[in-house]
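Read the structure below first, then the notes.
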2 protein chains.
Amino acid sequence: MSRIPRIVILGAGYGGVVTAIRLQKHLNYNEADVTLVNKHEYHYITTLLHMPAAGTVKPENVRVDISKLIDEFKIDFVKSTVVQIRPQDKKVILEDSTLSYDYLVIALGGEPETFGIPGLKEHALSIRSLNSVRYIREHIEFQFAKFKQEPQRKDYLTFVVGGAGFTGIEFLGELADRLPKLCREFDVDPSLVQVINVEAAPTALPGFDSELVEYAMSALKEKGVVFRLATAIKECTEDGVVLASGEVIKAGTVVWTGGVRGNRLLEDAGFETMRGRAVVDSYLRTKEYDHVYVLGDCSIVLNEQGKPFPPTAQISVQQAEVCAHNLIATIRNSSLKEFSFHNRGTVASLGKGDAVGIVGQRKIKGYKAAMMKKAIEVRYLYNIGGIPLVIRKGL
Amino acid sequence: MSRIPRIVILGAGYGGVVTAIRLQKHLNYNEADVTLVNKHEYHYITTLLHMPAAGTVKPENVRVDISKLIDEFKIDFVKSTVVQIRPQDKKVILEDSTLSYDYLVIALGGEPETFGIPGLKEHALSIRSLNSVRYIREHIEFQFAKFKQEPQRKDYLTFVVGGAGFTGIEFLGELADRLPKLCREFDVDPSLVQVINVEAAPTALPGFDSELVEYAMSALKEKGVVFRLATAIKECTEDGVVLASGEVIKAGTVVWTGGVRGNRLLEDAGFETMRGRAVVDSYLRTKEYDHVYVLGDCSIVLNEQGKPFPPTAQISVQQAEVCAHNLIATIRNSSLKEFSFHNRGTVASLGKGDAVGIVGQRKIKGYKAAMMKKAIEVRYLYNIGGIPLVIRKGL
């Protein structure tokens with residue numbers, strides 16, 4: 001008797017959700033059993049997390065209930081946390097149960113990369129989940145409340161953002177929009193507030209077009225952000241950061257956006273990884289097991305120069321489309337597709353009504369870029385949830 | 001040459017603001033120089049502070065800019081903190097200057113009375129100013145954010161309110177209204193939240209009508225409040241409270257509402273005080289100096305049985321009316337008025353749409369009492385700021 005193959009998808013981020021939706025659409029009933037496993041009952045729009053982190057939008061607005069995205073007659077959803085992946089046994093150990101699979105899709109997302117800088121893990125906040133951004137928002141508001149009780153503690157009003165990559169820049173834009181509102185709400189003199197970006201590289205947005213980088217930096221400077229480029233953080237403490245020079249910046253809040261690594265579960269499972277990210281073949285399968293696919297921040301895809309593409313939502317979605325195709329092809333014994341990344345462009349927001357980006361070969365900035373950023377979000381929501389989701393999120 | 005007398009009013013709470021407004025209305029130009037000193041540029045409706053503390057209304061809604069209440073052509077406003085009162089020199093030392101006076105009105109408000117219970121001052125929060133209630137609100141929200149990061153820390157979701165007097169009961173009502181909303185916002189199972197009231201007396205609202213006390217307690221119990229009456233707090237720590245029995249309640253939040261004492265500046269100035277409250281004569285003047293008046297929480301007024309009236313907004317306002325009359329009478333050499341308290345009734349809110357109270361001889365409860373509570377606030381706003389203020393506050 002030939003059993004229906006079991007596909008297990010770990011993670012309902014961009015990679016996992018798009019894979020699940022594609023399988024749901026294209027697999028016929030009885031071709032496979034698909035199970036989606038996720039820690040939360042919701043998917044979130046990771047590219048927008050900097051907004052609820054700064055408190056400029058509500059967390060509810062960047063999340064979508066998984067039950068609204070998948071058809072539970074076609075796909076089983078298991079809300080649980082993955083504890084261990086055992087590829088040799090074709091099993092995944094969850095907090096409270098065990099799943100067997102024939103095909104596995106690992107799309108568990110990344111973790112902050114702290115490059116071994118002491119104290120960052122313990123004392124810095126990071127923008128990585130809905131819970132973490134709610135924490136950041138509350139932490140920031142609490143600094144204002146604390147300052148009003150201890151007005152000599154100006155460090156409560158100092159905000160250090162480590163890293164000037166996309167997440168860092170987008171968060172700075174939102175934070176700079178939010179802080180004047182908090183000053184009004186808490187009767188705080190805005191001149192006491194300091195926002196300092198510390199970046200080890202000699203430029204913000206490394207690798208991005210230099211004209212746009214300049215635009216972004218001057219837009220943020222105008223909002224009060226101070227850039228400390230070519231400046232490494234040596235240590236993060238309870239009271240702030242120590243720079244490589246020995247200089248101490250006392251700050252009630254340190255948000256670390258300096259890097260993303262893969263998920264430790266992949267290293268533990270014995271896959272070949274670089275910084276926790278599994279090396280995959282051109283079909284997105286691990287080197288060790290051709291029935292295990294890895295997508296998104298957990299995977300590493302090299303460009304033509306042999307350098308890894310930066311982990312983005314865009315690449316995850318494109319990988320998911322290929323992964324879903326290859327799973328179906330395997331089941332149907334048809335031919336697999338090779339993955340190649342098509343860069344459709346990149347836009348970084350700089351707060352309300354402002355952004356910079358490259359779409360195709362065109363540089364865009366200002367309001368037009370901000371609208372493009374919205375259009376990208378709308379397209380994504382439309383792709384996963386159709387028009388009702390676009391309307392519900394009011395984007 | 002006879003100089004115009006200088007009247008200095010310290011504090012812009014109920015007592016200070018009503019005195020200033022009365023003087024502004026009834027004194028002729030050139031009869032006196034009046035200066036009002038306050039720490040903040042705003043007056044706040046102390047009887048509503050439990051609402052922004054729980055986060056059910058915004059702090060802005062319970063405050064009124066002093067510039068909207070006083071006519072700065074008639075009264076000088078000085079935003080400063082009083083450091084010392086020197087009645088022997090007829091001087092008041094402010095943070096950044098010194099004021100001389102001929103007549104002084106001390107209406108500086110009270111401080112939390114902790115009865116020497118160790119740790120309460122350091123670790124418990126108290127509802128005493130706009131800044132302190134903003135702090136409480138942010139602290140409460142932050143507990144939810146922290147719990148989501150450390151779900152084993154159920155104590156973050158335990159809220160202890162010390163004291164079941166008016167402030168304690170009103171705060172419990174608002175808190176019980178707010179917590180389910182926070183549970184929804186932070187995806188927290190409401191059954192994990194605990195609200196515990198600890199009161200040393202054998203009853204809530206001591207001295208109040210027992211039928212109404214029972215109504216209030218069962219309304220709050222229905223909202224999830226657990227009462228621990230006849231239970232003394234032995235110590236407050238960073239982690240919660242230790243009861244007299246030795247039992248420990250681990251709690252991320254302890255709000256102390258157990259008592260009010262007068263202001264330490266009165267003791268320092270050498271006035272005869274009981275728990276920091278100055279003993280005043282029937283004209284509201286200190287025993288030591290007949291040109292120094294004391295109002296509100298800083299003063300002590302005995303009833304016919306020789307027991308002090310509890311400090312309330314109502315008594316402060318009535319004192320202010322008599323104080324203003326007596327100041328004007330002194331300047332004009334007419335006769336002073338004796339103060340006697342007319343209890344117009346008391347209403348305690350129990351959260352949205354519910355309250356208990358006594359008005360005249362009538363007991364009221366439920367929605368009707370809640371409306372009466374609103375009517376009292378409206379009357380006060382009308383008295384100090386007229387119809388525009390009532391409309392602006394939207395009460």
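Laboratory data are not the source of any read-out in this text; all were calculated from the coordinates shown. Since we're looking at a predicted model, the values are computed, not measured. No Cβ is skipped: glycine too gets one built from the backbone with ideal geometry, and neighbour counts run over all protein chains shown.
In this assembly of identical copies, the label point of A:TYR367 (Cα plus 7 Å along Cα-to-Cβ) is separated from its counterparts by 4.8 nm, sorted shortest first.
Nearest to the axis that brings chain B onto chain A is this chain B residue, judged by its Cβ, with the distance in whole Å: B:PHE142, 2.
Between the beta carbons of B:ASN61 and B:VAL83, assuming R0 = 30 Å, the FRET efficiency works out to 0.45 to the nearest 0.05.
Label sites at A:LYS91 and A:GLU150, each approximated as a point 7 angstrom past Cα along Cα to Cβ, lie 5.1 nm apart.
According to the Kirkwood relation over distinct C-alpha pairs, the hydrodynamic radius of segment B:163-230 is 12.5 Å. Checking every one of the trypsin sites (Lys or Arg not before Pro) in segment B:3-33 against DSSP loop status and a limit of 13 other Cβ atoms within 10 Å picks out B:ARG3.
Listed by Cβ neighbour count within 10 Å, with the fewest neighbours leading, B:CYS323, A:CYS298 appear as A:CYS298, B:CYS323. Remark: mean inter-chain Cβ contacts per residue of A:126-139 equal 4, using a 10 Å Cβ-Cβ cutoff to other protein chain atoms. Taking max minus min of the alpha-carbon positions on each principal axis, segment A:69-176 gives extents of 61, 34, 27 Å, largest first. Remark: chain B is approximated by an ellipsoid whose semi-axes, taken from the C-alpha gyration tensor as √(5λ), come to 38, 22, 21 Å, largest first. Using the Stokes-Einstein relation with a Kirkwood hydrodynamic radius computed over Cα pairs, the translational diffusion coefficient of segment A:120-256 at 37 °C and a viscosity of 0.692 mPa s comes to 216 µm²/s. Need one number: the % of Cα-Cα pairs in the protein assembly as shown sitting beyond the 50 Å mark. Roughly 31 percent, rounded to a whole number. Ranking A:VAL255, A:PRO310, A:VAL57 by how far each Cα lies toward the positive end of the dipole of chain A (charges on Cβ) leaves A:VAL57 at the top. For segment A:1-140, the mean projected area of the C-alpha convex hull, equal to one quarter of the hull surface, is 10.4 nm². Taking the square roots of 5 times each eigenvalue of the Cα gyration tensor of segment A:321-395, largest first, gives ellipsoid semi-axes of 32, 18, 7 Å.
Evaluating 6.51 cos²θ - 1.76 cosθ + 1.60 at θ = phi - 60° for every residue in segment B:232-238, the Karplus couplings come out as 8, 8, 8, 7, 10, 10, 4 Hz, glycine and proline recorded as x. Listed from fewest to most Cβ neighbours within 10 Å, the set B:HIS43, A:HIS325, B:HIS291, B:HIS26 follows the order B:HIS26, B:HIS291, A:HIS325, B:HIS43. A label point on A:LYS337, set 7 Å along the Cα-to-Cβ line, lies at 8.6 nm from each of its counterparts in the other copies, closest listed first. Separation of segment B:79-132 and segment A:53-67, taken as the distance between their Cα centroids, equals 44 angstrom. Once you reduce segment B:174-227 and segment B:338-366 to the center of their Cα atoms, the two points are 20 Å from each other.
Of the GluC sites (Glu not before Pro) found in segment B:253-347, the ones in coil according to DSSP and having at most 15 other Cβ atoms within 10 Å of their Cβ are B:GLU272, B:GLU288, B:GLU304, B:GLU338. With the biggest extent put first, the Cα atoms of segment A:273-392 measure 47, 36, 25 Å across the principal axes. If eta is 0.692 mPa s and T is 37 °C, what Stokes-Einstein diffusion coefficient results for segment B:186-294, Kirkwood Rh from Cα pairs, in µm²/s? Roughly 189 µm²/s, to the nearest whole number. Inter-copy label distances at A:SER67, using a point 7 Å along Cα-to-Cβ, come to 5.2 nm with the shortest given first. For chain B, return all DSSP H helices satisfying: extent of Cα atoms along own axis at least 24 Å; mean Kyte-Doolittle hydropathy at least -1.0. Both cut-offs are met by B:130-149, B:166-186, B:313-332, B:367-393.
For segment A:101-148, taking the reciprocal of the average inverse distance between every pair of different Cα atoms yields a Kirkwood hydrodynamic radius of 13.5 Å. Sorting A:VAL292, B:VAL198, B:VAL18 by the number of Cβ atoms found within 10 Å of their own Cβ, with the fewest placed first, yields A:VAL292, B:VAL198, B:VAL18. Per residue of B:142-155, other chain Cβ atoms within 10 Å of the residue Cβ number 3 on average.
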